[in-house]
Amino acid sequence: MDLFKILGVSSTGMQAQRSRMTVVTGNMVNSETTRTPEGGPYKRRDVVFQAVPLEDESSTLTTIGLPQRLSSGIVGVEVAGVRESAKTPKRIYDPHHPDADAEGYVAYPDINVMEEMADLMSAVRSYEANLAVFNATKGLLRRLLEFGRQG
């Protein structure tokens, strides 16, 4: 496998996990937000990933004068979108809250901060794993260049 393709795969993983960390952090920050511009409490968000083939720069076909890239079978990851939770908000009795309804209940996001923290730790570990692969590959490339200079 081409070392530059390994760098490409690990960098797509780092970008995807960085997006995941941003969304999870937003969930944690807004876990008590009862009013949003859209109306109602904040809704928990999840990042949706999808596999994407990395383009093989070396193989191109010319069809009707237009170059087409062929997939090399190597797959990276990208963020396909951010999905809002369909869970109903938690209702907590607090008649003195400014967002309380006529019955005295306030709608809070259905967000468990401990679950979000575990999700954040998972995203950080995945990012670190991709970073380790990236750095190891970079080290291999550096050694190959040093070997080429000696030869």
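The values are calculated or read from the model by the stated rules, or taken from the named source; none is laboratory data. Computed from a predicted structure; not experimentally measured. We place every Cβ from the backbone using ideal geometry, glycine too, and count neighbours over all the protein chains shown. For accessibility, only protein heavy atoms count, side chains too; no ligands or nucleic acids. Shrake-Rupley method; radii C 1.70, N 1.55, O 1.52, S 1.80 Å.
Got a sec? Which of VAL9, VAL48 is open to solvent by 40 Å² or more (accessible area, probe 1.4 Å), farther than 29 Å from ASP94 by Cα and free of Cβ contacts under 8 Å to residues at least 40 places away in the same chain? Walk me through it before giving the result.
Working: VAL9 fails: free of Cβ contacts under 8 Å to residues at least 40 places away in the same chain.
So the residue among VAL9, VAL48 that is open to solvent by 40 Å² or more (accessible area, probe 1.4 Å), farther than 29 Å from ASP94 by Cα and free of Cβ contacts under 8 Å to residues at least 40 places away in the same chain is VAL48.
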Among residues of the stretch 93-151, those that are in a helix (DSSP H, G or I), in contact (Cβ under 8 Å) with a residue 24 or more places away in the chain and of a type in the set (Ser, Thr, Tyr), counted: 3
The stretch 90-126, subset small (Gly, Ala, Ser) and buried (at least 16 other Cβ atoms within 10 Å of the Cβ), residue nearest to MET21 (Cα to Cα): ALA123
